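Below you'll find the structure, written out as structure tokens, and then a few comments.
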Amino acid sequence: MERDVIIEVKDLVKKFDHFVANDHLSFKVYGGEIFGFLGANGAGKTTAIRILCGLSKPTSGFIRVAGYDAYSQTEQIKKSIGYMSQKFSLYEDLTVYENIRFYGGIYGLRTEYIRSKSEELLHRLGMTEIRNKLIKDIPTGWRQKLAFSIAVFHNPRIVFLDEPTGGVDPVTRRQFWKLIYETAHSGITVFVTTHYMDEAEYCDKVCIMSEGKIVAMDSPDKLKEGFGVTNMDEVFFKVARNVTY
Amino acid sequence: MKRFWGFVIKEFYHILRDSKTMLVLFGMPVMQMFIFGFAISTDLKDVKIAILDPSSDEITRAVESRILSSGYFMLESRLNAESEIEPAFRTGKIKEVVVFEPGFASRLQREGTATVHLIADASDANQANLIASYTTAIINDYVSKASQTSVPMRINVESRMLYNPELKSVFMFVPGTMAMILILICALMTSISIVREKELGTMEVLLVSPLKPIQIIIGKVTPYVVLALIDAAIIIVMSYYVFRLPMQGSLFLLMLETGIYIILSLVLGIFISTNTENQQTAIFISMFAFMLPTILLSGFIFPIANMPKILQWLCAIMPPKYFIIIIKNIMLKGSGIMYVWKETLILISMIVLFIILSIRKFKIRLE
């Protein structure tokens, strides 16, 4: 399988006044990969993801996303990515279908295309019956799946998921990861931040952050092997201890 | 463009589906108009007046009895000379003096026209205006009925306001209500709706999308421009048909100025939303920064000229003040753009200022 670099970051630094949120981050993400960004709250995950999405400007460093420069080509980057935040970001007073149509519309998709593709999507999610229900009337698990499907509705090259499973029960989380796998199989790169270590096991590659720095980066298996432990929880624990002590 | 319209349609859904928003948008203007409108127009009853009638003939007596039997007026005293008018007002008992010219009936028969002077105590400007217009209406009514049975006649009614000749607060409630409602809807509603997207996290998703920030902002405010213009139209129609407010000037100019004021209010709403993170704060700031000053410091209720200097300076930075001056001039005096260009220019410069401030704030947030 040919693997092309889709996100390339070298020495990314982001400072807020004197506080260094991202301290010389460097990593590469390959096409079709599920890339997990791990760390405790305040480790700098969200700052980094915001920079990659063009929501925030880096202080310095070399960053290319989907082949575009993060300083000068943010417009092109925005067209090539999808984004889902921890709040699911659907409009509660719009119906399921209206949400799909709205987000499809702001990505400039054609009305005909939106119509046929949303039929297919609703069918796949088993939501055809509730297409005209308001979001506030459907359960959280469904909202989350819908939010994710909308984030990849315009076929982006990369989808960024910022703690997508916060506040969701374990069963729904499993189903959600199934959806992520399907998406990665269809060739969309998935960049996901989380602080659930069991989710890290699902990733092709994980990058553990602490206090603004990358402290470990490899596939889950290699990390476990390297630290001589059996699960990611322990890996994280060891990594965290190394940094602190 | 298609992206943009999709956005506008979404905004309309938000507004139309929220019954509270709809109530504020359309219930409030109508309610405010009635409150302010009737608060100043209901209490005309048994107003004490004096009459100066040197000719005391058949016609003047007929007119007098019309006035006194209307239920609105009560005779307090009869005066004998013009020099008694001023002292009569000084006693504070009477609100109006009706003055017939000497030889009233004979003049009316000879020349077909005679004059009645109405002198009102305009220290309470609203009431004075009301009293004068009621008296005028009664006299006109008499004339039209008398003309049907006998020879056509004309009585000129000339009213004069004592103590406050410019009637500074008369009919202020329409311009004032309009200024308040529009700034409230535009500034409050847009700031809430933008801040709500921030709270929900949808703003981030919009910012990540290929939509440009300017498209998001314009998409957000477009529905409110439309709704605010509808509100302005409701207020104007109501003031014309329900409260008989004159519409002297150009309707086009009025709507144009209203449009400028609406845009300013929206820009203020955007400015608030760039500075706040939650809806409560946005509501709080809008209320304190706009609602209260519009009521208290715009000349809406309290005449600015009577305020202490320091408050007058504060008034000078209140957008509603200028808008009220503009609509008063257009609606009541029929002035053209020549007379309101200065105020218009002030409003436009405020728009520019706040756009610049908002953009700067927005950029800082991105970095």
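Within segment B:199-219, which residues are in a loop (DSSP other than H, G, I, E, B) and more than 17 Å from A:F153 (Cβ to Cβ)?
B:G201, B:K212
For the condition within 29 Å of A:D4 (Cβ to Cβ), crowded, with 16+ Cβ neighbours inside 10 Å and within 20 Å of the chain's Cα centre (by Cα), what is the one hit in A:G61, A:G44, A:G67?
A:G44
Can you tell me how many residues in segment A:131-181 are without any contact (Cβ under 8 Å) to a residue 24 or more places away in the chain and either closer than 23 Å to A:L52 by Cβ or among the small types (G, A, S) (or both)?
So the count comes out to 0.
Considering segment A:95-113 alone, what residues qualify as being β-branched (V, I, T) and either open to solvent by 20 Å² or more (accessible area, probe 1.4 Å) or within 10 Å of another protein chain (Cβ to nearest Cβ) (or both)?
Across segment A:95-113, the qualifying residues are A:T95, A:I106, A:T111.
Quick grid of which residues meet (1) open to solvent by 20 Å² or more (accessible area, probe 1.4 Å); (2) within 23 Å of B:T113 (Cβ to Cβ):
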| site | (1), (2) |
| --- | --- |
| B:D46 | yes, no |
| B:I51 | no, yes |
| B:P54 | yes, yes |
| B:T60 | no, yes |
| B:S69 | yes, no |
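Taking the conditions exactly as written (assigned to a helix (DSSP H, G or I), β-branched (V, I, T), out of contact with any strand residue (DSSP E or B) (no Cβ under 9 Å at 6 or more places or on another chain) and open to solvent by 40 Å² or more (accessible area, probe 1.4 Å)), does B:V195 satisfy them or not?
no
So, in segment A:79-94, of the ones that are facing chain B (nearest Cβ under 7 Å) and at pLDDT below 85, which residue ends up farthest from B:V208 (Cα to Cα)?
Only one residue tops the list, namely A:K87.
Could you check how many residues of segment B:332-349 are at pLDDT below 80 and in a helix (DSSP H, G or I)?
The number of residues fulfilling the criteria is 2.
For segment B:129-156, enumerate the residues that are in contact with a strand residue (DSSP E or B) (Cβ under 6 Å, 6 or more places away or on another chain) and at pLDDT 80 or above.
Matches in segment B:129-156: B:I131, B:A132, B:T135, B:T136, B:I139, B:V143.
Going through segment B:198-208 one residue at a time, which ones are open to solvent by less than 10 Å² (accessible area, probe 1.4 Å) and among the hydrophobic types (A, V, I, L, M, F, W, C)?
Once the filter is applied, which keeps residues that are open to solvent by less than 10 Å² (accessible area, probe 1.4 Å) and among the hydrophobic types (A, V, I, L, M, F, W, C), segment B:198-208 yields B:L206, B:V208.
For the list (1) within 14 Å of another protein chain (Cβ to nearest Cβ); (2) modelled with pLDDT of 90 or more, I need the number of the one condition that A:G61 fails.
(1)
Kindly check whether there is at least one residue in segment B:291-305 that is closer than 30 Å to B:G201 by Cα and touching a residue at least 60 places away in the same chain (Cβ under 8 Å).
yes
For segment B:219-233, what are the residues that are buried (at least 16 other Cβ atoms within 10 Å of the Cβ) and among the hydrophobic types (A, V, I, L, M, F, W, C)?
B:V221, B:V225, B:L227, B:A228, B:A232
Please tell me if B:S193 is more than 14 Å from chain A (Cβ to nearest Cβ) and touching a residue at least 24 places away in the same chain (Cβ under 8 Å).
When the stated conditions are applied, B:S193 does not pass them.
Restricting attention to strands (runs of 3 or more DSSP E) lying wholly within segment A:150-245, give those where 1 or more residues are of a type in the set (S, T, Y) and away from chain B (no Cβ under 14 Å).
A:189-194, A:205-210
Inside segment A:1-108, counting only strands (runs of 3 or more DSSP E) that do not spill past its ends, which hold 1 or more residues that are within 30 Å of B:W5 (Cβ to Cβ) and aliphatic (A, V, I, L, M)?
The strands (runs of 3 or more DSSP E) meeting that bar are A:60-65, A:81-84.
Count, please, the residues in segment A:147-187 that happen to be under 22 Å from A:L94 (Cα atoms) and within 15 Å of the chain's Cα centre (by Cα).
Of the residues in that region, 8 qualify.
The values are calculated or read from the model by the stated rules, or taken from the named source; none is laboratory data. Values in this document were obtained by computation on a predicted structure and should not be read as measured data. Every residue, glycine among them, receives a Cβ derived from its backbone with ideal geometry; neighbour counts consider all protein chains shown. Just the protein is used for accessible areas: all its heavy atoms, side chains included, with ligands, DNA and RNA removed. Shrake-Rupley method; radii C 1.70, N 1.55, O 1.52, S 1.80 Å.
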